[in-house]
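A quick write-up on the structure given underneath.
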Amino acid sequence: MFKKIEFAVYRLLKEGGRQSQLNDVVEYAIGTVICLNVVLIILESVRLDPKYVEIMHIFKISFFVFFLTEYILRLWIADIVMHDRQHPIISRIRYMLTFRAIVDLLALLPVMLGSTIIDFRIFRILRLLRISQMGGVNKYTTVLLQVFRLKGAQLMSSIFIAFICMLTS
């Protein structure tokens with residue numbers, strides 16, 4: 001029974017290609033929530049009326065619950081994703097060590113710890129990388145990563161110069 005449910009969750013959360021209309025709805029819902037989360041991060045940097053701060057806090061908690069649920073579900077189906085059905089604990093550990101899972105966990109940590117001292121907003125923004133995996137954009141992401149590998153030093157020097165310009169302005 002649990003294996004059928006696990007496989008159904010896997011089909012819902014599977015990325016890339018077109019599995020079903022429901023899978024597409026789930027992918028776009030995740031993408032929409034990621035974009036709304038980034039908007040929330042931008043709005044957090046602006047001083048707002050206290051009534052809006054309360055509403056933003058409700059959204060922040062709602063997004064946290066959404067992403068925590070997704071993280072737990074992805075952790076649960078890791079044995080299918082990692083093609084290791086005999087050692088589910090090992091496959092879950094392997095999943096937790098992937099770049100995506102680490103970014104997701106670091107984005108969830110401040111809310112879980114109730115921390116305002118450490119700011120992990122950048123990891124919440126890095127979730128935008130997931131959107132690049134939707135709808136066939138993944139092949140363009142591969143090309144972009146190759147460019148970063150080949151021209152990383154030049155890009156970093158350009159970013160550094162832009163950062164210095166921003167600081168001086």
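How would you rank 92-102, 151-161, highest first, on the average number of other Cβ atoms within 10 Å across their residues?
92-102, 151-161
So for the pair I102, K14, with labels modelled 7 Å out along Cα→Cβ, what separation do we get in nm?
A separation of 2.8 nm, rounded to one decimal place.
How would you rank 47-53, 142-148, 61-67, highest first, on the average number of other Cβ atoms within 10 Å across their residues?
Taking the mean over residues of other Cβ atoms within 10 Å, the ranking is 61-67, 142-148, 47-53.
So between N23 and F66, what do we pick up on full extension, going 0.36 nm a residue minus the alpha carbon distance?
This chain segment gains 13.8 nm when fully extended.
Run the accessible area of the range 1-64 with a 1.4 Å probe and give the carbon-and-sulfur part as a rounded percent.
Carbon-and-sulfur percentage of accessible area, whole number: 69.
Can you tell me which lysines have their Cα less than 29 Å from the Cα of K51? Leave out same-chain residues fewer than eight positions away.
Straight-distance partners of K51: K60.
Students often forget the sequence filter, so: which lysines lie under 20 Å Cα-Cα from K151 once same-chain residues fewer than 8 apart are removed?
Output for K151: K139.
What are the extents of the Cα atoms of the range 1-81 along their three principal axes, listed from largest to smallest and rounded to whole Å?
Largest to smallest, the principal-axis extents are 49, 24, 16 Å.
The values are calculated or read from the model by the stated rules, or taken from the named source; none is laboratory data. Note that the structure is a prediction, hence the values are computed from the model and not measured. Note that we place each Cβ from the backbone using ideal geometry, even for glycine, and neighbour counts take in every protein chain shown. In case anyone asks, the SASA skips ligands and DNA or RNA and just uses the protein heavy atoms, side chains included. Shrake-Rupley method; radii C 1.70, N 1.55, O 1.52, S 1.80 Å.
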